[in-house]
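Enquirer: Dropping the structure in here first, questions after.
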Amino acid sequence: MSTLTLSFLGSIALAGLLVQTAGADMLSKLGPGEGQLNIVAWPGYLERGETDPKFDWVSGFEKDTGCMVQVKTANTSDEMVALMNEGGFDLVTASGDASLRLVAGGRVQEVNTALVPSWKHVDERLKSAPWHTVDGRHYGVPYMWGPNVLMFNTEVFKEAPTSWNVVFEEMQLPDGKSNVGRVQAYDGPIHVADAANYLMFHQPELGIQSPYELNQEQYEAALNLLRGQRKLVSRYWHDAFIQMDDFTNEGVVASGSWPFQVNILKSGGAPIASVIPQEGATGWADTTMMHVDSENPNCAYLWMEHTLSSNLMSDLSVWFGANPAVPAACTDGRGMQTAEGCTANGMDDFERIRFWTTPVSKCASQNDQCVPYYRWVSDYIGVIGGR
Amino acid sequence: MSSSLQSLNRSATGATGPLAALSDALWRRPGLFVFLLLVLPVLWLGIVYLGSLFALLIQSFFSIDEFSGMIRHEFTWKTYRELLNPINLDIIGRTVLMATAVTIASAIVAFPIAYYAARYAQGRWKAFFYLAIMLPLWSSYLVKVYAWKLILAKEGILNWLFTSLHLNGLLEMLLAIPVIGGNSLSVSYIGTFLVFLYVWLPFMVLPMQAAIERVPQNYLEASADLGGNPWQTFRHVLLPLALPGIIAGSIFTFSLTLGDYIIPQIIGSSRLFIGQAVYSHQGTAGNIPLAAALTVVPVVIMAVYLWVAKRKGAFDAL
């Protein structure tokens, strides 16, 4: 896509914007690229063929636009927020627990979707997702999303488990042995949401509307479920590679997990598969957001367009075991991803996934009486400690 | 030094200029010279090191608002009261117990090694001993911990060895012990303990060896001459004289175990240690006051520990 076409499209958009009177600060017209671009991203999100020559979605962009990409990787959402607060970056691949904090803190700017021609190809389900759209304004372009699936050993489960109960309740597994010591759970406090999601299905009388918005009573019920789970779990997982090792060497046969681990284990020939059981699942969704003081706005817009139009979405979804924000990336052969691959990563299960948001006390569904995240942290520590 | 001499020459010959004046001033006032030499290190120690500690201490006297999750910047003991709730006491107790167990065990394991290295190993063997003790410190800490995870796993080498020797009944008995046992070695406190012991052992052996080397051989011979049996010699001569070295080593093993948050995350039953709790309270949770208060705990424990160690003369053996 040449700069000329972009600026042409941009001027059409400008005409539209004058009528809309959208955000005052956002860019209304693209100029030439500034020659560089600084991005804060999750590890593995921006590959330039150095890890594996097959996976490269950065060098092509640099060649076409002249914008040299500098990547700063961050390992947690908090690091991302901290880096963005510090400044000096143009873009960030923010997850649902960071994106609204960035918007509320005024660290990111509204994105003029008219300057991103491929915006029209973005998954309709993501276009106005609440984790980047505030008051009808888009604060970013959707990047990748994925479910937290139930991973299981196919030698023990000849048929895929239909419910999360295999990791929440003591039971006999299909091989006739108990599940005690053979299942795992995530060690992050956000796992409380998985318990709440399970209760939402099995105990509707609790009135849980969202697993991230729990009042005291609902929260206690979720903690009780987790206390029962503690008796089944020998070790909680934290690191994806340790979990894979636990499935191969530690006799673990079922656990909540990411498609990332499932794909790697499968490709190594392990008897592993995954499923989203009847209760649905929790998940994550990332958004490319633009710093409010971005020094390279033109390159930033060019990059946002690049994420949606190039091989990036397709190859990254193979690389990361995630789903592209542009559905066509699964099928049109722009990269290595195929329709089957997307289905395996959970592409068709969007409606059944409840995306990660930070629990706050002011919540719509429970009259602003929700238990905030810091209590999830201290109480989940207690649960793991056997309290 | 030579510049001072030059300045002396110059002042003798009546040299002038700002540099010469400075040089003269430093020469006449040694106190100023020392002050200028020390100002940078002291600033570093004061601002970067103590400053961050005090910032931490201050944070721990703030509290988090129950409702909004925002930090209230007012003095309160609330966070310390929260520190005393059963969940946090569990974490502190667990960490201190582990650190104590690791320290005692490494003292027991390290003593014969240090004794042999100090008393019997000669020439090439001595070099070999040094190398063997130091070698684990040359490879990455993470690599060692991951390797131990594979050794201790349910389907790992150790389990295989026990099974081949038809001793797996023994292992199962060990793992059946409540609390410290578990589903396999790598998910039990026993596993965490073994890895801590392995990783910190060199820090115990080296100061201990230094202390034992300093015990004069003729003291031991005199003890034997006076009819002391080997045990009595050990108990009443060697051990008291080597004690400062043991305490010096224990400072390392104890404080390192107290602060570690990686080993218990990779090996063990996922029950949190102090370091891990600090890590999870800061971050998205934003409960910096509680994280700070938890950090103060090991600081206080180590302060007491060091005070006792100093009284026992442990710092002479470092």
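The values are calculated or read from the model by the stated rules, or taken from the named source; none is laboratory data. Just so it is clear, the model here is predicted, and its values are computed rather than measured. Here the Cβ is made from the backbone with ideal geometry for all residues, glycine too, and neighbour counts use every protein chain on show. Quick note on the areas: whole protein, heavy atoms, side chains included, nothing else; ligands and nucleic acids left out. Shrake-Rupley method; radii C 1.70, N 1.55, O 1.52, S 1.80 Å.
Enquirer: Of the residues that make up region A:289-305, is at least one open to solvent by 40 Å² or more (accessible area, probe 1.4 Å) and either among the hydrophobic types (A, V, I, L, M, F, W, C) or within 19 Å of A:D194 (Cα to Cα) (or both)? Talk me through it step by step, then tell me what you get.
Expert: Here is the first cut: in region A:289-305, the residues open to solvent by 40 Å² or more (accessible area, probe 1.4 Å) are A:292-293, A:295.
Those left that are additionally either among the hydrophobic types (A, V, I, L, M, F, W, C) or within 19 Å of A:D194 (Cα to Cα) (or both): A:292.
For region A:289-305, residues open to solvent by 40 Å² or more (accessible area, probe 1.4 Å) and either among the hydrophobic types (A, V, I, L, M, F, W, C) or within 19 Å of A:D194 (Cα to Cα) (or both): present.
Enquirer: Examine region B:86-107 for a residue that is of a type in the set (A, V, I, L, M, F, W, C) and outside any helix (DSSP H, G or I), and state whether such a residue exists. Even if it seems obvious, please write down each step before you answer.
Expert: At the first step, the residues of region B:86-107 found to be of a type in the set (A, V, I, L, M, F, W, C) are B:87, B:89, B:91-92, B:96-99, B:101-102, B:104-105, B:107.
From the residues that got through so far, the ones that are outside any helix (DSSP H, G or I) too are none.
Looking for residues that are of a type in the set (A, V, I, L, M, F, W, C) and outside any helix (DSSP H, G or I), one finds none in region B:86-107, hence no.
Enquirer: Going residue by residue through region B:88-98, is there one that turns out to be within 21 Å of B:T253 (Cα to Cα), open to solvent by 60 Å² or more (accessible area, probe 1.4 Å) and among the β-branched types (V, I, T)?
Expert: The answer is no; no qualifying residue exists.
Enquirer: Another question about this same structure. Looking at region B:237-255, I want the residues that are free of Cβ contacts under 8 Å to residues at least 24 places away in the same chain and have a partner that is open to solvent by 10 Å² or more (accessible area, probe 1.4 Å) and small (G, A, S) with Cβ atoms under 6 Å, at least 6 apart or on another chain. Which pairs are those?
Expert: B:V237/B:S223
Enquirer: Which ones in region B:71-130 are of a type in the set (G, A, S) and within 14 Å of chain A (Cβ to nearest Cβ)? Show your work before the answer.
Expert: In the first step, residues of region B:71-130 are kept if they are of a type in the set (G, A, S); the result is B:93, B:99, B:101, B:105-107, B:110, B:114, B:117-118, B:121, B:123, B:127.
Selection gives B:G93 alone.
Enquirer: If you don't mind, there's one more thing I want to ask. So which residues in region B:272-313 are among the aromatic types (F, W, Y) and either in contact with a strand residue (DSSP E or B) (Cβ under 8 Å, 6 or more places away or on another chain) or within 14 Å of chain A (Cβ to nearest Cβ) (or both)? Break it down into steps so the answer makes sense when it comes.
Expert: Filtering region B:272-313 for residues among the aromatic types (F, W, Y) gives B:273, B:279, B:305, B:307.
Hits for region B:272-313 are B:F273, B:Y279.
Enquirer: Here's a follow-up. For residues that are open to solvent by less than 50 Å² (accessible area, probe 1.4 Å), among the aliphatic types (A, V, I, L, M) and in a helix (DSSP H, G or I), tally how many sit in region B:113-131.
Expert: Residues flagged as open to solvent by less than 50 Å² (accessible area, probe 1.4 Å), among the aliphatic types (A, V, I, L, M) and in a helix (DSSP H, G or I) within region B:113-131 amount to 3.
Enquirer: Taking region B:63-95 as the region of interest, how many residues are hydrophobic (A, V, I, L, M, F, W, C), out of contact with any helix residue (DSSP H, G or I) (no Cβ under 7 Å at 6 or more places or on another chain) and more than 22 Å from A:P372 (Cα to Cα)?
Expert: First, pick out the residues of region B:63-95 that are hydrophobic (A, V, I, L, M, F, W, C): B:64, B:67, B:70-71, B:75, B:77, B:83-84, B:87, B:89, B:91-92.
When the remaining residues are screened for being out of contact with any helix residue (DSSP H, G or I) (no Cβ under 7 Å at 6 or more places or on another chain), the result is B:67, B:70, B:75, B:77, B:84, B:89.
Then keep just the ones that are more than 22 Å from A:P372 (Cα to Cα); that gives B:75, B:89.
Number of matching residues: 2.
Enquirer: Of all residues in region A:46-82 being of a type in the set (S, T, Y) and touching a helix residue (DSSP H, G or I) at 6+ places or on another chain (Cβ under 6 Å), which is nearest to the other protein chains (Cβ to nearest Cβ)?
Expert: Taking region A:46-82 first, the residues of a type in the set (S, T, Y) are A:51, A:59, A:65, A:73, A:76-77.
Keeping just the survivors that are touching a helix residue (DSSP H, G or I) at 6+ places or on another chain (Cβ under 6 Å) gives A:65, A:77.
Values: A:T65: 35, A:S77: 6 Å.
Going through the qualifying residues, I end up with A:S77.
Enquirer: Could I ask something else about it? Is region B:170-179 home to any residue that is open to solvent by less than 50 Å² (accessible area, probe 1.4 Å) and at pLDDT 90 or above?
Expert: Within region B:170-179, none of the residues are open to solvent by less than 50 Å² (accessible area, probe 1.4 Å) and at pLDDT 90 or above.
Enquirer: Would you point out which residue out of A:L126, A:L150 is among the aliphatic types (A, V, I, L, M), assigned to a strand (DSSP E or B) and surrounded by 16 or more Cβ atoms within 10 Å (Cβ to Cβ)?
Expert: Working: A:L126 fails: assigned to a strand (DSSP E or B).
Of A:L126, A:L150, the one residue that is among the aliphatic types (A, V, I, L, M), assigned to a strand (DSSP E or B) and surrounded by 16 or more Cβ atoms within 10 Å (Cβ to Cβ) is A:L150.
Enquirer: Need the failing condition index for A:D368 against (1) over 22 Å from A:V326 (Cβ atoms); (2) more than 10 Å from every other protein chain (Cβ to nearest Cβ); (3) of a type outside the set (A, V, I, L, M, F, W, C); (4) surrounded by fewer than 16 Cβ atoms within 10 Å (Cβ to Cβ), just the number.
Expert: (2)
Enquirer: With the structure loaded, tell me whether A:A160 is farther than 28 Å from A:M290 by Cβ and buried (at least 21 other Cβ atoms within 10 Å of the Cβ) or whether it fails that test.
Expert: Numbers: farther than 28 Å from A:M290 by Cβ: yes; buried (at least 21 other Cβ atoms within 10 Å of the Cβ): no.
Taking the combined requirement at face value, the residue does not satisfy it.
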